Amino acid sequence: ITDAAGAVLQVVPVSPRVAPYLNIYPLPNSRSLGSGVGENRAQQFQPTNENFLTLRLDHKINDRDSLFGRYTFDDASSVSSEGSAYYEWRSRAETRQQYLTLVGSHIFSTEWVSTYRLGYTRPVSASNSLGPVIPRELFFVPSSLLFGQINVPSLSVMGPSPGAPDSKVMNTFQFAGDVIAQRGPHSIRFGAEAHRYRMDTSSGSQNGGIWNFNSLESFLQAGPSGTSLAVATPGSSNRRE
């Protein structure tokens, strides 16, 4: 371990169990921060793609009845940084939103008009972490979809977001109907509206495990003391409906 000027402060033997994990960290390419820590800088790209369309159809059935329908579709994907705390890992987000609306009206007379509306919405979002390829034998939980995290004081967190991958699916059904009565300069409107919501969510919260060390020295020595591990119970699920 050296200081910012490069002078040796302490010699810490590296445990053979830790050496493969040290290879995951990128080599410093910028300034030295001291205490054995160096800075690595790199460019990040955040591409985004989106496809969007809206369709509308109006139809007059007769002099008293008319309706229109509208459908909206929005599909997007993007890649963004997970923040400086998750070096080398990025988040890929995918969303798809669909909205369908049907509105009709009926004229009973010059004084009575009714309308009804049916709607359906389905916003879907999912995200996952992108990062370097980690050999399966280094996973803390072999059955996990993603590598876990290594937390060392003064170092950026090594590993993907603990909640990845995650997904959210919302289905919403709507119905509304009302009647408008007009009598001279006065009018009254009354009706009813009902909504039904269904949300399905899932996440990989801590499925890969989070290994915490209380110092850089402890990490290099494979943590003979001052370590903790947080991991989801094997076989548990974070899916909610």
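Residues considered: SER109, SER105, SER143, SER154. Of these, the only one that is within 30 Å of PHE45 (Cα to Cα) and of a type in the set (S, T, N, Q) is SER154.
On inspection, ASN212 qualifies as part of a strand (DSSP E or B) and either open to solvent by less than 90 Å² (accessible area, probe 1.4 Å) or modelled with pLDDT of 85 or more (or both).
Residues of the stretch 92-123 being open to solvent by 40 Å² or more (accessible area, probe 1.4 Å), aliphatic (A, V, I, L, M) and free of Cβ contacts under 8 Å to residues at least 40 places away in the same chain, which ones? Hits for the stretch 92-123 are LEU100, LEU102. Only a single item in (1) open to solvent by 40 Å² or more (accessible area, probe 1.4 Å); (2) at pLDDT below 85 is not met by GLN174, and it is number (2). One residue stands out among those in the stretch 42-81 that are in contact (Cβ under 8 Å) with a residue 40 or more places away in the chain and among the acidic types (Asp, Glu): the one that is most open to solvent (accessible area, probe 1.4 Å), which is ASP63.
To keep it simple, each residue is scored yes or no on (1) surrounded by 16 or more Cβ atoms within 10 Å (Cβ to Cβ); (2) assigned to a loop (DSSP other than H, G, I, E, B).
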{"position": "PHE190", "(1), (2)": "no, no"}
{"position": "ARG196", "(1), (2)": "no, no"}
{"position": "ASP200", "(1), (2)": "no, no"}
{"position": "GLN206", "(1), (2)": "yes, yes"}
{"position": "PHE219", "(1), (2)": "yes, no"}
{"position": "SER225", "(1), (2)": "no, yes"}
{"position": "SER228", "(1), (2)": "no, no"}
{"position": "ASN238", "(1), (2)": "no, yes"}
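In this structure, does GLU39 turn out to be surrounded by 10 or more Cβ atoms within 10 Å (Cβ to Cβ) and within 27 Å of the chain's Cα centre (by Cα)? So GLU39 fails the test. Examine the stretch 124-146 for a residue that is β-branched (Val, Ile, Thr), farther than 30 Å from PRO26 by Cβ and surrounded by 15 or more Cβ atoms within 10 Å (Cβ to Cβ), and state whether such a residue exists. Checking the stretch 124-146: at least one residue is β-branched (Val, Ile, Thr), farther than 30 Å from PRO26 by Cβ and surrounded by 15 or more Cβ atoms within 10 Å (Cβ to Cβ). The set of residues in the stretch 8-34 being modelled with pLDDT of 80 or more and among the hydroxyl-bearing types (Ser, Thr, Tyr) consists of SER15, TYR21, TYR25, SER30.
Right, ALA181: modelled with pLDDT of 80 or more and open to solvent by 30 Å² or more (accessible area, probe 1.4 Å) or not? So ALA181 fails the test.
The values are calculated or read from the model by the stated rules, or taken from the named source; none is laboratory data. All figures in this text were calculated on a predicted structure; none of them were measured in a lab. So basically every Cβ, Gly included, is an ideal-geometry build from the backbone, and we count neighbours across all protein chains shown. Ligands, DNA and RNA are excluded from the accessible area calculation, which covers all protein heavy atoms including side chains. Shrake-Rupley method; radii C 1.70, N 1.55, O 1.52, S 1.80 Å.
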